[in-house]
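Read through the structure below, which is laid out as structure tokens, and then see the notes.
The values are calculated or read from the model by the stated rules, or taken from the named source; none is laboratory data. Model, not experiment: these values are computed from the prediction. Ideal geometry is used to build each Cβ from the backbone, glycine not excepted, and the neighbour counts take in all protein chains shown.
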């Protein structure tokens with residue numbers, strides 16, 4: 001029987017906070033990794049954004065099968081005039097779980113449909129970045 005162990009990158013470590021954090025303590029069935037440790041296990045590459053879709057490749061750098069790779073898709077809004085930004089920032093963060101398993105040292109392409117679509121506006125533009133925020137390790 002295969003068991004799974006969920007792994008999460010600690011948000012406190014990802015944003016550079018130091019010291020002890022109650023949220024970072026391991027909980028039943030979970031391990032918490034620093035963002036550097038998580039990046040040694042799994043990463044995202046070949047990111048492209050085309051209209052209402054974001055796509056890329058999830059790369060498993062480990063010798064273990066991964067599943068439930070959770071991605072954070074950050075749509076940052078850049079104002080045309082950053083010195084006088086407006087009050088209605090349409091930036092947002094979406095989450096997506098890559099379906100299926102990723103073999104050891106393998107990779108999996110993904111495509112995410114942005115729902116609801118990002119607004120089309122003339123006062124700035126979006127930049128999109130994708131990062132891994134968690135995954136499960138399939139233990140044999």
Quick one: is residue 32 surrounded by 11 or more Cβ atoms within 10 Å (Cβ to Cβ) and modelled with pLDDT of 90 or more? no
Taking residue 88 and the conditions (1) touching a residue at least 24 places away in the same chain (Cβ under 8 Å); (2) assigned to a loop (DSSP other than H, G, I, E, B), which numbered condition does it fall short on, given that it satisfies the others? (1)
The stretch 79-96 - residue that is exposed (fewer than 13 other Cβ atoms within 10 Å of the Cβ) and at pLDDT 95 or above and, of those, farthest from residue 138 (Cα to Cα): 93
Among the numbered criteria (1) closer than 14 Å to residue 131 by Cα; (2) at pLDDT 95 or above; (3) loosely packed, with under 14 Cβ neighbours inside 10 Å, which one does residue 113 miss? (1)
